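Undergrad: Before I ask anything, let me first share the structure, which is written out below as structure tokens.
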Amino acid sequence: MASRQHSIPGSERSPLEGSRSTGAADPRERIEVTIILRRGPGADTRAAERATRAGSIKKRAYLTREQLEAAQGAAAEDIARVESFAQDHGLDVVEASRARRSVVLSGTVGAFSTAFGVTLTRYEHPSGTYRGRTGTVQVPEELGPIVQAVLGLDDRPQSTAKFRIHRPADGSIVSARAAATAGFTPPQLAQLYDFPTGLDGSGQCIAVIELGGGFKNDDLKAYFAQLNFPLPQVTSVAVDGAHNAPAGDPNSADGEVMLDIEVAATIAPKAKIAVYFAPNTDRGFLDAITTAVHDSTRKPLVVSISWGGPESSWTPQAMQSFDQAFQDAAALGVTICCASGDNGSADMAQNWDGKAHVDFPASSPAVLACGGTHVDAAGGSVTSEVVWNDLPSGGAGGGGVSDVFALPAWQAKSGVPPSANTGGHVGRGVPDVCGDASPRSGYIVRVDGQQTVIGGTSAVAPLWAGLIALLNQHFGHPVGFLNPVIYGLPPAAKAFRDITSGNNGAYSAKTGWDACTGLGSPDGAKLMAALK
């Protein structure tokens, strides 16, 4: 007698708008899928909260990776049940991890379709072809309480990189000579933001998540030699079959990869940089994050993420899985820095529905969401800093109010407004902090043999990641999840430059926290002093 089926909550999918079906997916095609499991029975679900509760950074007691696995990992018997299910359906177990609460399965499209009650179809879309599904994912009723998400059946592109190349009026890439006057080097911005001196990130590792593109060692050698900086130790880590694969075009994802590495490594020049390359799918993205967070070899203490998409483009099952992975990071003392988006309060470059949206994963309450500004400077000091807004065509810093995540306790007194959308939903406010992001005051970087200027909130995430690596070095202890601490700092600490001018569409800057620039841009030295 066939087992009754259970629909996984939040697993509903629809084709991407503008997609055209081209027929059934080849049933013989081999694919891999990641199954996310519940925390084990009796799990300590408040471990992250306790690890970040202490008022003093140095009093925080983080879990080791072994302790986290024991406290919040998947139960061995739950993994065994999924493995038995896989065997019954002709699927191979590639990997199982209690700490990451995941089981990776391999098999044919036909076998997966039968096992999970889905029909997989090929689609054409302006962004490329993909394998998709509609409706929910099914599992046997006995696995219903165990399986939280099934990722990888659908391999549509999930995220976009949050970088913007500065372009003259003719649309070309800025020349090397013009780049020297059109933007700032990351060390110049570190000086403008008064990042603490005498620190270089020694003993630290910064993880960078990339969903495409790659880097060339010759570019890194030339860039750091030009700045008279030491060549950083950069390691490429392959996830789900992806790898360092530069396209040779600065307009490609190479621009994101090089921007992230060059910004983080010039802020913290002695830190090791680990670049986790994964496919641009919800499965690949999550697997890259959990690989980095649970990497017991490199042990990164800060993760920079410059990719994302509007909350409405994600399945609830994926968002829940990401958010729980970020909570695990907080319990370990790992800081997650996420770009807040480059399309203003709409957060949608195409097919805008007229509503305000926030970008995920920046909207997760367990990450440091990084918004954007435009900076003017003279004589080594900031003369003006306003909300980055070059709309309609030039981008703007993302921010707003989450439709998914509730208002966190540490934001309760920050004046987060109701959503600009009908109904005025009250939720998690984005961003938390900000930094220079306008391409017109962007970052001088080198990509595929060309020196150019790139902006976007994708530059702010590695900027903050580099600063956090310096803070970790200074304290000799991870600062970890910063939000509960920085939202409680008194204005007299002057740890942030309050941005009070400009808007990102639906929201305007104001005194104190706002949905364009958060608490403000950093004064690194004063922030370090305040965290003491």
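Undergrad: Reported to two decimal places, what Rg/Rh ratio describes segment 1-124 when computed on Cα atoms with Rh from the Kirkwood expression?
TA: 1.10
Undergrad: Percent of Cα-Cα pairs more than 16 Å apart in segment 283-359, please.
TA: Here the tail beyond 16 Å accounts for 54 percent of pairs.
Undergrad: Computing the accessible area with a 1.4 Å probe over protein heavy atoms, can you report the carbon and sulfur percentage for the chain?
TA: 49 percent
Undergrad: Going down the table (LYS221/LYS270; LYS58/LYS526; LYS221/LYS526; LYS59/LYS526), which pairs top 23 Å between alpha carbons?
TA: Check vs 23 Å cut-off fails for LYS221/LYS526.
Undergrad: If Rh is defined by the Kirkwood formula over all Cα pairs and Rg also comes from Cα, what ratio Rg/Rh do you get for segment 372-469?
TA: So for segment 372-469, dividing Rg by the Kirkwood Rh gives 1.05.
Undergrad: So, one more: If I histogram all Cα-Cα distances within segment 253-399 using bins 5 Å wide from 0, what percent of pairs lands in each bin?
TA: 2, 9, 16, 20, 21, 16, 10, 6, 2, 0, 0
Undergrad: Let me ask something else. How big is the C-alpha Rg of segment 383-425 next to the rule-of-thumb value 2.2 N^0.38 Å, as a ratio?
TA: Ratio of Cα Rg to 2.2 N^0.38 Å: 1.49.
Undergrad: Using unit Cβ charges (K, R positive; D, E negative) and no other charged atoms, how large, in debye to the nearest 20, is the dipole of segment 149-298 about its Cα centre?
TA: 340 debye
Undergrad: Compute the separation of the alpha-carbon centres of segment 62-77 and segment 278-326 and state it in Å as a whole number.
TA: After rounding, the separation between the Cα centres reads 18 Å.
Undergrad: Sticking with this structure for a sec: Sorting check: for 263-273, 362-372, 67-77, which peptide has the highest mean count of neighbouring beta carbons within 10 Å, and how do the rest follow?
TA: 362-372, 263-273, 67-77
Undergrad: Could you order peptides 212-223, 433-444 by the average number of other Cβ atoms within 10 Å of their residues, highest first?
TA: Ranking the peptides 212-223, 433-444 by packing returns 433-444, 212-223.
Undergrad: Is there a quick way to get the dipole size of the chain? I mean about its Cα centre, with the Cβ of Lys and Arg at +1 and of Asp and Glu at -1; what is the value in debye to the nearest 20?
TA: Magnitude of the dipole: close to 1180 debye.
Undergrad: Just the number: Rg to Rh for segment 91-156, Cα atoms, Kirkwood Rh, two decimals.
TA: Over the Cα atoms of segment 91-156, Rg/Rh equals 0.99.
Undergrad: Based on Cα coordinates alone, diagonalise the gyration tensor for segment 60-134, multiply each eigenvalue by 5, take square roots, and list the semi-axes in whole Å, largest first.
TA: Over the Cα atoms of segment 60-134, the ellipsoid semi-axes are 32, 19, 9 Å.
Undergrad: Looking at the chain, do any whole DSSP H helices span at least 15 angstrom along their long axis by alpha carbon and average 0.0 or above on Kyte-Doolittle, and which?
TA: 254-267, 282-293, 457-475
Undergrad: Can you order the peptides 224-237, 505-518, 33-46 by their average number of other Cβ atoms within 10 Å per residue, highest first?
TA: 505-518, 33-46, 224-237
Undergrad: Counting only residues 5 or more places away or on other chains, whose amide H sits under 5 Å from the amide H of GLY435 once H atoms are built in the peptide plane?
TA: Placed amide hydrogens put GLY371, GLY372, THR373 under 5 Å from GLY435.
Undergrad: Over 21 Å, how big is the tail of the calculated P(r) for segment 304-463, in percent of all Cα pairs?
TA: When every Cα pair of segment 304-463 is considered, 47 percent fall beyond 21 Å.
Undergrad: Take the Cα radius of gyration of segment 268-327 and divide it by 2.2 N^0.38 Å, with N its residue count; two decimals is plenty.
TA: 1.21
Undergrad: Over the chain, average the accessible area per residue using a 1.4 Å probe and give it in Å², no decimals.
TA: 37 Å²
Undergrad: Counting only Cα, what are the radius of gyration and maximum Cα-Cα distance Dmax of the chain, in Å?
TA: 22.2, 79
Undergrad: Subtract the Cα-Cα distance of GLN350 and GLU95 from 0.36 nm times their separation in residues, and report this length gain in nm to one decimal.
TA: Using 0.36 nm per residue and subtracting the Cα-Cα distance, I get 88.1 nm.
Undergrad: Explain nothing, just the number: dipole magnitude of segment 63-120 about its Cα centre with +1 on each Lys and Arg Cβ and -1 on each Asp and Glu Cβ, in debye rounded to the nearest 20.
TA: So the magnitude is around 180 debye.
Undergrad: State, to one decimal in nm, how far the label point of SER381 lies from the label point of HIS243, with both points 7 Å from Cα in the Cβ direction.
TA: So the label points at SER381 and HIS243 sit 5.2 nm apart.
Undergrad: Once the cut-off is 22 Å, how many percent of the Cα-Cα pairs in segment 420-515 end up in the long-distance tail?
TA: I get 45 percent for the Cα pairs in segment 420-515 exceeding 22 Å.
Undergrad: Okay, moving on. How do SER159, SER19 stack up against each other in accessible area, from largest to smallest, with a 1.4 angstrom probe?
TA: Most to least solvent-accessible, the answer reads SER19, SER159.
The values are calculated or read from the model by the stated rules, or taken from the named source; none is laboratory data. Being a predicted model, the structure only gives us computed values, none of them experimental. Ideal geometry is used to build each Cβ from the backbone, glycine not excepted, and the neighbour counts take in all protein chains shown. Accessible surface areas use protein heavy atoms only, side chains included; no ligands, DNA or RNA. Shrake-Rupley method; radii C 1.70, N 1.55, O 1.52, S 1.80 Å.
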